[in-house]
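Heads up, the thing below is written out as structure tokens.
Just so you know, all these numbers are worked out from the coordinates, no wet-lab data involved. Because the structure is predicted, anything quoted here is derived from the model rather than measured. Methodologically, a virtual Cβ is constructed for each residue, glycine included, from the backbone with ideal geometry; neighbour enumeration extends over all protein chains shown.
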């Protein structure tokens, strides 16, 4: 249940939770008759991992109260420190939380120098159009800085390697893999709409340039 963030979703291999429809990858969180939630988290660990490059994802996010969609890069191995997380880092290409208001996706970093609520924030981008439309979330990950984009426009901040010395500040010089998930409730999902029966996240395409 969940993944360390208090969310309400059980990961499954059920076809109703992750499937392809109309050429899009669909992640679907479903409320069971008992009131639990099932869902899927898809990742490329062991299949595709890389260090540095540009990553673009065209996605449509759920706007239902309590839904917590995320697109992340996670470390493939424990290279630094005594803890896998946050010592080896996490790059949040996009997260969306109802706690910050509908239509406000954001980017963030987690590392030993600060994680969770103390993680580094790239800022938020307010949707120009309907939040329920498809949008492109992109990340430029270089040797000296990391920057975020939403529909081709940069977020308010970028993270320079000069922010601090060593892996404590910059564990982002090792292979990472892509992880896409749809959580319900928890730290950033907040209260789930009690009458909600499902939430859906769609991925049109993922592109990685190196």
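As an exercise, use a Förster radius of 22 Å and the Cβ-Cβ distance of residue 153 and residue 54 to find the FRET efficiency, rounded to the nearest 0.05.
Working: r = 15 Å, r/R0 = 0.69.
Step by step, r from the Cβ atoms, then E = 0.90.
For the peptides 17-23, 38-44, what is the packing order when you average, over each peptide's residues, the other Cβ atoms within 10 Å and list the highest mean first? Could the numbers behind the result be given before it?
Working: 17-23: 12.6, 38-44: 19.1.
In descending order of packing, they fall as 38-44, 17-23.
Tally the DSSP beta bridges in the chain and give the antiparallel ones as a percent, rounded to 5.
On the way: 64 of 67 bridges.
For the chain, the DSSP antiparallel bridge percentage is about 95.
Given the peptides 185-198, 138-151, 66-79, arrange them by the average over their residues of other C-beta atoms within 10 Å, most packed first. Walk me through the numbers before you get to the answer.
On the way: 185-198: 16.0, 138-151: 18.2, 66-79: 21.1.
Ranked from most to least packed, the peptides come out as 66-79, 138-151, 185-198.
Show that you can apply the helix-only estimate: for the chain, add -39,500 (n - 2.57) for every DSSP H stretch of four or more residues, divide by all residues, and state [θ] at 222 nm to the nearest 500. Please report the intermediate quantities before stating the final value.
Numbers: 1 runs with 4 residues, N = 210.
Calculated from helices alone, the mean residue ellipticity at 222 nm is -500 deg cm²/dmol.
Sort the following peptides by mean Cβ neighbour count (other Cβ atoms within 10 Å, averaged over residues), highest first: 158-167, 175-184.
Details: 158-167: 14.2, 175-184: 22.6.
Descending mean neighbour count gives 175-184, 158-167.
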